[in-house]
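For reference, the structure discussed in these notes is given below.
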Amino acid sequence: MNRKLDSELRSVLSNYVRYYNDLGIYDFYRRPPGAGDNPVLNLRNLKRSGGMPAAAEPDRDPATALRLIREDLGDCTRCPLHKLGRKQIVFGVGNPGARLMFIGEAPGADEDEQGEPFVGRAGQLLNNMITNGMGLRREDVYIANIIKCRPPNNRTPERDECQICSPFLMRQIDVIRPQVIVALGSIAARTLLAINASMSELRGRWYEFRGTKLAVTYHPAFLLRDPRQKKEAWKDLQMVMKELGLPIALRTAD
């Protein structure tokens, strides 16, 4: 191997190690002997598959980088959810250059059917929060979930499912680089922030997360069950709007 390629390979591997360390992954395992041990072949395959983290791909535009992450995800079988009734992967949708990103918990039945996050009743309320409340359009923001497959009977995602799926979400965040992230609900907030706290403790403040600001508000599905909390959610949205420099008119988040 020539020195130039050896230097390029070291750079790629260094980016990988830093990227996974950021995710809390420190143990790495050697692949079985075979073609996978060929560093030249590995480097080329990484470039073709889009497997490198966004930090190693400064020349790629966000839309292309997101497409490559989706290709890398493939027809995912990394956790048991693919055997538990999942119809399709729900990757994420919206503006690749969005200033605002919403992250929920997991796809539901409607999302699993359509392959897009927040398209059911909770999604309709989220749309109203974005449009009527914030004066934006759904296509202006980016929307994703902690995990990309529907858990059976819409149960809460298990910890190992979140851990296996979250690296792809982190790569999406690193590509989009939003100015603000809004975690929708306690599961999303606790998973992203690694904080075991109640919603009352999590809301109403800013968190630094992967170089951006993160706020927490109620999940739209919870607001459908308890509409009394919509006023509190509106307070959270106003905090986000102020940070983004959006005008706060006499709108509602209903």
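Each value in this text was obtained by applying a stated rule to the coordinates, not by laboratory testing. Everything quoted here is computed from the prediction, not taken from an experiment. When we count neighbours, we look across all protein chains shown, and the Cβ atoms used for this are built from the backbone with ideal geometry, even at glycine.
Using a Förster distance of 35 Å, how high is the FRET efficiency between N196 and L246, based on the Cβ-Cβ distance and rounded to 0.05? In this case the efficiency is close to 0.65. Karplus-derived 3J(HN,Hα) values for the stretch 213-226, using 6.51 cos²θ - 1.76 cosθ + 1.60 with θ = phi - 60°, are 9, 10, 10, 10, 9, 5, 5, x, 5, 5, 5, 5, 7, 9 Hz; glycine and proline are entered as x. Neighbours of W206 by Cβ distance under 9 Å: Lys/Arg scored +1, Asp/Glu scored -1, total 0. Here the simple spin-label model places points 7 Å from the Cα toward Cβ, and for D61 and N132 these points are separated by 3.5 nm.
Hydrodynamic radius of the stretch 73-244 by the Kirkwood approach over all distinct alpha-carbon pairs: 16.0 Å.
Filter the chymotrypsin sites (Phe, Trp or Tyr not before Pro) in the stretch 193-254 down to the DSSP loop ones having no more than 14 other Cβ atoms within 10 Å, then list what survives. Show your work: numbers first, answer last.
Numbers: sites: W206, Y207, F209, Y218, F222, W234; in loops: W206, Y218.
Passing both the DSSP loop test and the Cβ count: W206.
For the stretch 69-104, the residues whose backbone nitrogen is under 20 Å from a point 7 Å from the Cα of R155, taken along Cα to Cβ, are 77-90. The stretch between R78 and K231 holds 51.1 nm of extra length on full extension. This uses 0.36 nm per residue minus the Cα-Cα distance. Modelled spin-label separation between Q238 and L224, with each label point placed 7 Å from Cα along the Cα-to-Cβ direction: 2.7 nm. Model label sites at W206 and R177, defined 7 Å from Cα along the beta-carbon direction, differ in position by 1.8 nm.
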